[in-house]
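Engineer: Please find one structure pasted underneath; my questions will follow.
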There are 2 protein chains.
Amino acid sequence: MKNRVITISRQFGSGGRTIGKEVAVKLGIPCYDHEVIEEIAEKSGFTKEYIEKRSEDVARGSWLTGALFGREYAGYSAQDYVWKFQRDTILELAAKSPCVIVGRCADYLLKDEADCLTVFIHADMDKRAERIVKQYGERSESPEKRLKDKDKRRAAYYQFYTDTQWGIAGNYHVSLDSGVLGIEKCVDVLVGLY
Amino acid sequence: MKNRVITISRQFGSGGRTIGKEVAVKLGIPCYDHEVIEEIAEKSGFTKEYIEKRSEDVARGSWLTGALFGREYAGYSAQDYVWKFQRDTILELAAKSPCVIVGRCADYLLKDEADCLTVFIHADMDKRAERIVKQYGERSESPEKRLKDKDKRRAAYYQFYTDTQWGIAGNYHVSLDSGVLGIEKCVDVLVGLY
């Protein structure tokens, strides 16, 4: 029988990671987020920092060049290699036990491999800006610019590897506005639905 | 103080109307759906059938021509008139008491006028096809064609009058897949969030 897995896609700064962790605690199942990166690092030999930059959004500077043009080995880019290790890792984690997986196109990767509840967490720009400044501090770039940039790169990555549009309601079983509903209510809804 | 209103946008055949009615019953508040059409008919002098065709999606045959080119009176099309009466009706209903309003761009119209929980209900093509055949019977056109056609017209109407894209998760507080979650769970989530 396939394991029940909650996959959480989220806009940057929406609190999707926090929601995933709290849902997992309440359900008594593991939540994988950075753990996925550690696994990939171990398997692939890439450093964690390198993977972090290439495992979820199109790496800064490289834009799509890494994925589209920087094909270093037999037509594959380094980003494609990370993708392959990421895919294997996520399939293994989902096969091991019920769990929550945050980000990393898990919804797409596990479509036929697990009994998924696919979730998208989003919030208004204002609420997210407030959150990232609180969480990651001020930077020289405005929080709005950081959010727009990150969203754009995340969406491009998702679209490139899944051929599906990011953030379309029809692609998720549940989409929630964490800015309006609040983190706790989002957690309650997901625990209730699981 | 502004009234609390649940607005339900939905893909054709997703059961959004049924969900709205059940949520309203459980909360003990009115649900407006066809009632909006009756109100508009009374105010505007148009027949109910005429309004039904123009109050939510771009009228068949006319496509956008009604809205864009068929500007009969001082630059307004008949569809624009229906829109104006619809707008007034929805604002009045939301001002009267807490309620559920199904469709008709109520989320957009009430953005600053009510304390809204904005909802989008969707489901896979297969599930919706099954539902419309059960509910409205077979037609000469395939259910898939009917669904695609209706979705397209509803999206075009929404975009034309609200300048916002229909079905984008970020535009609603909650989006639910009624095909996977089932009508009852959707009702429970919304009652819980209200």
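Engineer: Leaving out same-chain residues fewer than 8 places away, which lysines sit with a Cα under 16 Å from that of A:LYS26?
Structural biologist: Reachable lysines: A:LYS185.
Engineer: Only loop residues by DSSP count here, and only those with at most 13 other Cβ atoms within 10 Å; note down the GluC sites (Glu not before Pro) in region B:76-177 that meet that.
Structural biologist: B:GLU138, B:GLU141
Engineer: Using only DSSP helix segments of four residues or longer, with each worth -39500 (n - 2.57), what per-residue ellipticity at 222 nm results for chain B after dividing by its residue count and rounding to 500?
Structural biologist: -15500 deg cm²/dmol
Engineer: Taking the Cα centre of the protein assembly as shown as the origin, how large is its charge dipole in debye, to the nearest 20, when only Lys and Arg (+1) and Asp and Glu (-1) carry charge on their Cβ atoms? Working shown, then result.
Structural biologist: On the way: 60 positive and 60 negative charges, 60 e Å.
My answer is approximately 280 debye.
Engineer: Another question, then. Placing a label point 7 Å from Cα toward Cβ, how far apart in nm is B:LYS43 from its equivalents in the other copies, listed shortest first to one decimal?
Structural biologist: The projected label point of B:LYS43 is separated from its counterparts by 5.9 nm.
Engineer: Hey, in the GNM for chain A with a 10 angstrom Cα cutoff, which one of A:VAL36, A:VAL133, A:VAL82 fluctuates hardest?
Structural biologist: Per the Cα network of chain A with a 10 Å cutoff, A:VAL133 tops the list.
Engineer: Between copies, how close do the A:ASP124 label points come, placed 7 Å along Cα→Cβ, listed in nm from shortest?
Structural biologist: 3.6
Engineer: Ordering A:TYR136, A:TYR172 from largest to smallest accessible area (1.4 angstrom probe), what's the sequence?
Structural biologist: On the way: A:TYR136 95, A:TYR172 0 Å².
From most accessible down to least: A:TYR136, A:TYR172.
Engineer: How high is the relative contact order of chain A? Use alpha-carbon pairs under 8 Å, at least six apart in sequence, and give a whole percent. Write out the running numbers ahead of the final one.
Structural biologist: Details: 286 pairs, mean separation 69.6, N = 194.
For chain A, the relative contact order is 36 percent.
Engineer: Could you tell me what percent of the accessible area of region B:4-187 is made up of carbon and sulfur, with a 1.4 Å probe and every protein chain present?
Structural biologist: Summing carbon and sulfur atoms, their accessible area is 51 percent of the total for region B:4-187.
Engineer: Mind running the shape call on region A:4-188? Use the C-alpha gyration tensor, a ≥ b ≥ c as the square roots of the eigenvalues: rounded below 1.5 for a/c, prolate if a/b tops b/c, oblate otherwise.
Structural biologist: oblate
Engineer: Share of Cα-Cα pairs in the protein assembly as shown beyond 25 Å, in percent?
Structural biologist: Details: 44892 of 75078 pairs.
Here the tail beyond 25 Å accounts for 60 percent of pairs.
Engineer: Give the longest segment of chain A that steers clear of trypsin sites (Lys or Arg not before Pro) in DSSP loops with at most 15 neighbouring Cβ atoms within 10 Å, not counting the sites themselves.
Structural biologist: Counting only loop sites that pass the neighbour cut-off, the longest clear stretch is A:3-59.
Engineer: Among the aspartates and glutamates, which fall within straight-line cross-link reach of A:LYS21, defined as a Cα-Cα distance under 15 Å, with same-chain neighbours fewer than 8 residues apart omitted?
Structural biologist: A:ASP33, A:GLU35, A:GLU184, A:ASP188
Engineer: Between beta-carbons, use under 13 Å as the cut-off and find the net charge around A:GLU22, counting Lys and Arg +1, Asp and Glu -1.
Structural biologist: +1
Engineer: Over the whole of A:175-181, what's the average partner chain Cβ count within 10 Å per residue? Rounded to a whole number, please.
Structural biologist: Mean inter-chain Cβ contacts per residue within 10 Å come to 6.
Engineer: Charges at C-beta only: +1 for Lys and Arg, -1 for Asp and Glu. How large is the resulting dipole of region B:4-187 about its Cα centre, in Debye rounded to 20?
Structural biologist: Working: 29 positive and 29 negative charges, 67 e Å.
With only Lys, Arg, Asp and Glu charged at Cβ, the dipole is about 320 debye.
Engineer: At a 1.4 Å probe radius, which order do A:ASP112, B:ASP80 fall into by accessible area, largest first?
Structural biologist: Sorted by accessible area, descending: A:ASP112, B:ASP80.
Engineer: I'd like the Karplus ³J(HN,Hα) series for region A:84-92: coefficients 6.51, -1.76, 1.60, θ = phi - 60°, whole numbers in Hz, and an x wherever there's a Gly or Pro.
Structural biologist: After applying 6.51 cos²θ - 1.76 cosθ + 1.60, I find 4, 5, 4, 4, 4, 4, 5, 4, 5 Hz.
Engineer: Related question: Report ³J(HN,Hα) in whole Hz for each residue of region B:98-109, in order, from the Karplus equation J = 6.51 cos²θ - 1.76 cosθ + 1.60 where θ = phi - 60°; Gly and Pro get x.
Structural biologist: With coefficients 6.51, -1.76 and 1.60, one gets x, 6, 10, 10, 9, x, 6, 6, 4, 4, 6, 5 Hz.
Engineer: Taking every DSSP beta bridge that has both residues in chain A, what percent is antiparallel when rounded to the nearest 5?
Structural biologist: 10 percent
Engineer: Chains B and A: what accessible area do they bury, summed, in square angstrom to the nearest 100, with a 1.4 Å probe?
Structural biologist: On the way: alone 9810 and 9810 Å², together 18110 Å².
What B and A bury together is about 1500 Å².
Engineer: For B:182-190, what's the mean count of beta carbons from other chains sitting within 10 Å of each residue's beta carbon?
Structural biologist: Across B:182-190, the average partner-chain Cβ count within 10 Å equals 2.
Engineer: Nearest 5 is fine: what % of DSSP beta bridges in the protein assembly as shown come out antiparallel, could you say?
Structural biologist: Antiparallel: roughly 20 percent of the beta bridges in the protein assembly as shown.
Engineer: Also, quick follow-up: Ordered shortest first, which distances in nm separate the 7 Å Cα→C-beta label point of B:GLN159 from those of the other copies?
Structural biologist: Sorted ascending, the copy-to-copy spacings read 1.4 nm.
Engineer: Accessible area per residue for region A:93-158 in Å², computed with a 1.4 Å probe and the full protein assembly in place, what is it?
Structural biologist: 47 Å²
The values are calculated or read from the model by the stated rules, or taken from the named source; none is laboratory data. Every value quoted in this text rests on a predicted model; they were computed, and no experiment measured them. Cβ: placed from backbone, ideal geometry, glycine included. Neighbour counts: every protein chain shown. Just so you know, the surface numbers come from the protein's heavy atoms only, side chains and all, with ligands and any DNA or RNA stripped out. Shrake-Rupley method; radii C 1.70, N 1.55, O 1.52, S 1.80 Å.
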